[in-house]
Amino acid sequence: MYFLEAEDVVKQFSGHLALNKVSIQVPPGKIFGLLGPNGAGKTTLLRIINRITAPDSGSIRFNGLESTPEDVFRIGYMPEERGLYKKMKVGEQAIYLARLKGLSYPEAKKRLMEWFDKFEITSWWNRKLEELSKGMQQKIQFIITVIHKPELLIFDEPFSGFDPVNADRVKQEILELKYLGHTIIFSTHNMASVEEICDGIALIDRSKVVLSGEVNEIRNRFKSNILNVALRWEEGIFSIDSNYYTVLSAKARTGEVKMRIRKNPGAANSEILTELSRAYEIMSFTEELPSMNDIFINTVSSTNSTQI
Amino acid sequence: MNKTAIIIKREYLRRVSKKSFLLVTLLMPFMVAALAFVPLWLSSIRSDDVKTVAIMDATGKYASLFEDTGNFRFINSDKSLDDYRNSDNKEIVAFLNITGDLLQNPKAATLYSEKQIPGELSRLVNQTLEKVLEEEKLTSFNIPNLREIINESKVNFSVQTIKWGADGSENTSSAMAASILGMIFTLIVYTFIVVYGSMVMQGVMEEKTNRIVELMISSVRPFDLMMGKIIGIALVGLTQLFLWGIMTSALIAGGTFLLGGGGAADISAVQQGMSMAQGGGMSMQPGVDMAVMQEVNEWLGIIHSINFVEIGIFFILYFIGGYLLYAAIFAAIGSAINQQEDSNQFIAPVMVFMIFALYAGIYSIDNPDGPLAFWCSMIPFTSPVVMMVRLPYDVPVWELLVSVALLFATAMALTWLSAKIYRVGILMYGKKPSIKEMIKWVKY
């Protein structure tokens with residue numbers, strides 16, 4: 001059972017189709033990355049999940065049930081366009097927003113204090129928001145998003161605006177929230193973070209899902225059958241011919257040979273390994289997996305070229 | 001606590017706790033009073049230097065009649081006008097040249113000066129000479145006790161107006177009092193709708209340009225957000241009105257107490273106040289005193305005869321209804337635009353309605369039961385302002401009920417419509433929408 005499903009969601013804005021039969025499935029307790037180039041329709045989909053806008057057709061289901069207005073309260077949403085009341089004091093503002101999410105005043109205050117302590121920003125409590133830097137405001141926004149401990153957390157570009165140290169901090173917090181049992185969706189352009197923390201992804205391009213699945217499965221799917229092998233090799237004859245693979249490049253150094261080889265169709269890693277181990281001592285044997293960045297660029301540019 | 005209530009609370013407290021709100025609320029009554037009295041006071045200030053006026057009286061009859069005042073000193077001079085003209089005289093500001101008997105030739109007196117002659121001086125000269133000439137003329141008729149006869153025949157008349165109540169009671173009414181009261185209510189309602197309506201617009205726009213709406217919308221419904229703001233700001237307005245009400249009654253009560261207190265002393269107190277207000281500029285003649293006293297009595301009666309409770313209730317009703325109606329429009333406008341500069345295009349038509357209402361109200365004062373007043377007090381867009389003018393004149397109950405019902409029905413319909421525009425508008429960034437697009441949003 002998926003925690004959240006979007007099925008055939010279509011959204012038409014005047015003049016262009018923002019989402020064209022988009023479906024995603026988010027399992028519970030996982031981190032789900034929503035990827036895609038600018039203007040692909042990610043934010044529109046997140047808004048529809050949040051019931052900010054209604055889809056023209058298609059459905060959103062929580063735990064298999066059609067989403068209702070009450071489902072909004074099971075979601076913590078951090079929009080990409082971040083805004084808070086500039087003239088209001090940070091603490092007062094955080095309490096106000098937390099109460100709008102259904103917390104009582106004492107509970108809101110208690111939880112906020114804990115978070116402020118955690119981020120070491122207690123001294124900001126009585127400052128006006130406009131006195132804070134963009135990154136600082138972002139932290140407040142993050143806290144407000146998670147304060148009511150919703151089952152589903154949605155972050156739209158959570159790392160933009162943070163310096164590397166704070167981006168990492170937020171990343172750790174997101175991972176911790178996952179271990180606490182929250183389901184998390186986030187949209188991002190930061191592919192390195194996708195590899196690091198996402199369990200599953202959906203790549204949206206030109207209003208359509210062009211790629212989806214688990215991160216490891218996708219990377220395997222996109223692998224180009226290239227292996228990196230390092231062998232111990234003393235002076236002598238070195239044979240590199242094989243029925244199982246083709247050598248792309250080889251570099252010999254005293255004591256070792258490093259090869260980049262492509263598997264021939266039908267060959268299995270174990271067969272290559274057996275053959276090599278018969279003649280040489282194997283120092284390392286790794287399969288090259290494409291990075292999410294490469295997959296992103298390849299997928300997006302290939303869909304672009306097919307459309308042109 | 002319900003979410004709308006939390007929003008109302010924030011909108012209310014945020015505005016009420018502002019220093020500017022406190023200052024405006026406390027100072028406004030004084031500022032209004034100052035606006036009314038400062039010009040009066042300024043004009044009554046006498047300049048320090050006493051100006052000298054030379055009188056060249058060929059007849060010798062008139063010069064001695066001029067008495068020195070705080071501002072002017074009159075000297076009798078035997079030099080000729082040409083002497084003064086040629087000499088370099090700085091001390092004397094004006095020259096009154098009387099060449100002959102004024103009864104026979106009224107043009108025989110002329111006031112000369114090198115500068116503009118102050119109006120006060122020419123008035124003083126006219127008054128003095130008029131009095132003398134009138135006396136002279138009366139004497140010339142040779143009728144004994146003529147002065148007494150004339151004084152006796154001077155009558156101060158004002159017709160007493162009585163309105164028959166439905167229960168057969170008779171009430172002294174005054175068109176004057178009613179129109180002043182109506183005018184005050186009209187201006188208050190008009191000002192409040194404009195000021196607080198645009199406050200709603202500002203607030204909505206602030207949330208939109210701050211981009212906080214997206215966050216808000218994910219925890220509250222757009223309708224709750226809009227209503228929270230509209231109601232919160234309405235409460236700010238009512239608070240201000242309430243405080244002003246208290247301050248005004250405190251000022252009146254304090255004033256009455258200071259001026260003597262007690263029922264019997266009332267009239268003399270008011271009378272005293274009136275003579276003070278007149279700045280002591282004119283000294284009242286003893287005969288007029290009785291008339292004034294009567295008039296004050298009448299006024300007090302009239303003020304008592306006005307049904308303040310009924311007017312108060314309807315004032316609040318129209319105030320709320322009119323505010324809701326226009327605030328809904330302003331909220332929709334605020335949600336549709338992205339910048340302050342874009343607001344004018346949408347506000348202009350709304351303001352045309354408001355200003356039309358104000359003028360219709362002002363013109364209705366002369367004929368509070370006429371067709372203009374009637375229709376404008378029925379149309380919801382103008383009724384809150386125009387009905388205020390008619391209220392002190394005892395409007396038929398059915399008219400009031402129909403008008404209030406229409407107003408609230410329209411306000412609710414507009415709120416519903418605005419909520420639809422608002423819901424889409426607050427999330428639309430980029431270019432300024434056209435009216436056509438806004439109509440499309442309603443259908444979403």
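What to note about this one:
- Of residues in the range A:185-196 being in contact with a helix residue (DSSP H, G or I) (Cβ under 6 Å, 6 or more places away or on another chain) and aliphatic (A, V, I, L, M), the one surrounded by the most Cβ atoms within 10 Å (Cβ to Cβ): A:V194
- Residues (assigned to a helix (DSSP H, G or I), among the aliphatic types (A, V, I, L, M) and modelled with pLDDT of 80 or more) located in the range B:78-111: B:A108
- For the range A:64-91, filtered to residues that are in contact with a strand residue (DSSP E or B) (Cβ under 7 Å, 6 or more places away or on another chain) and facing chain B (nearest Cβ under 7 Å), the residue that is nearest to A:E151 (Cα to Cα) is A:I75.
- Scanning the range B:378-405 for residues that are of a type in the set (G, A, S) and either farther than 15 Å from B:F315 by Cα or in contact with a Leu (Cβ under 9 Å, 6 or more places away or on another chain) (or both) yields a total of 1.
- All of A:I218, A:I226, A:I174 fail the test of being among the hydrophobic types (A, V, I, L, M, F, W, C) and over 30 Å from A:S270 (Cβ atoms), apart from A:I174.
- Each residue in the range B:380-429 was checked for being more than 30 Å from the chain's Cα centre (by Cα), of a type in the set (G, A, S) and buried (at least 16 other Cβ atoms within 10 Å of the Cβ), and 3 pass.
- Given (1) away from every other protein chain (no Cβ under 11 Å); (2) in contact (Cβ under 8 Å) with a residue 24 or more places away in the chain; (3) of a type in the set (G, A, S); (4) surrounded by fewer than 21 Cβ atoms within 10 Å (Cβ to Cβ), index of the condition A:A94 fails: (4)
- Only one of A:E120, A:E130 that is out of contact with any helix residue (DSSP H, G or I) (no Cβ under 7 Å at 6 or more places or on another chain), loosely packed, with under 14 Cβ neighbours inside 10 Å and either on the phi > 0 side of the Ramachandran plot or not in a helix (DSSP H, G or I) (or both): A:E120
- For A:M259, the conditions (1) under 34 Å from the mean Cα position of the chain (by Cα); (2) of a type outside the set (G, A, S); (3) modelled with pLDDT under 85 all hold with the exception of (3).
- Only a single criterion out of (1) within 11 Å of chain A (Cβ to nearest Cβ); (2) under 30 Å from B:P368 (Cβ atoms) is not satisfied by B:Y190, namely (1).
- Search result, residues across the range A:273-286 that are at pLDDT below 85 and surrounded by 14 or more Cβ atoms within 10 Å (Cβ to Cβ): A:E275, A:L276, A:Y280
- Residues being part of a loop (DSSP other than H, G, I, E, B) and surrounded by 20 or more Cβ atoms within 10 Å (Cβ to Cβ) - total across the range A:65-82: 3
- Counting the residues of the range A:39-58 that are part of a strand (DSSP E or B) and under 25 Å from A:E196 (Cβ atoms) gives 0.
- A:L231 being surrounded by fewer than 17 Cβ atoms within 10 Å (Cβ to Cβ) and among the hydrophobic types (A, V, I, L, M, F, W, C): no
- Here A:A267 passes the criteria (1) modelled with pLDDT of 85 or more; (2) outside any helix (DSSP H, G or I); (3) over 30 Å from A:L34 (Cα atoms) except the one numbered (1).
- The set of residues in the range B:308-365 being buried (at least 17 other Cβ atoms within 10 Å of the Cβ), over 20 Å from B:I426 (Cβ atoms) and of a type in the set (S, T, Y) consists of B:Y318, B:Y323, B:S364.
- Whichever residue in the range A:134-155 is under 16 Å from the mean Cα position of the chain (by Cα) and either crowded, with 22+ Cβ neighbours inside 10 Å or away from chain B (no Cβ under 14 Å) (or both) and, among such residues, is nearest to A:P79 (Cα to Cα): A:F155
- Selected residue (criterion: nearest to B:K18 (Cα to Cα)) from residues of the range A:97-116 that are within 12 Å of chain B (Cβ to nearest Cβ), in contact (Cβ under 8 Å) with a residue 12 or more places away in the chain and part of a helix (DSSP H, G or I): A:L97
- Spans of helices (runs of 4 or more DSSP H) in the range B:336-444 with at least 3 residues of a type in the set (A, V, I, L, M): B:343-364, B:383-390, B:397-425, B:435-443
- Members of the range A:280-293 found to be closer than 15 Å to A:N225 by Cβ and touching a residue at least 60 places away in the same chain (Cβ under 8 Å), listed by number: A:E287, A:E288, A:L289, A:P290
- Pairing each residue of the range B:195-209 that is free of Cβ contacts under 8 Å to residues at least 24 places away in the same chain and more than 13 Å from chain A (Cβ to nearest Cβ) with any residue that is surrounded by fewer than 19 Cβ atoms within 10 Å (Cβ to Cβ) and among the β-branched types (V, I, T), provided the two are 6+ apart or on different chains, yields no C-beta distance under 7 Å.
- When residues in the range A:4-38 are screened for being surrounded by fewer than 21 Cβ atoms within 10 Å (Cβ to Cβ), touching a strand residue (DSSP E or B) at 6+ places or on another chain (Cβ under 9 Å) and either in a loop (DSSP other than H, G, I, E, B) or within 14 Å of chain B (Cβ to nearest Cβ) (or both), 6 of them pass.
- Which numbered condition A:R61 misses (of (1) part of a strand (DSSP E or B); (2) within 13 Å of chain B (Cβ to nearest Cβ)): (2)
The values are calculated or read from the model by the stated rules, or taken from the named source; none is laboratory data. Values in this document were obtained by computation on a predicted structure and should not be read as measured data. No Cβ is skipped: glycine too gets one built from the backbone with ideal geometry, and neighbour counts run over all protein chains shown.
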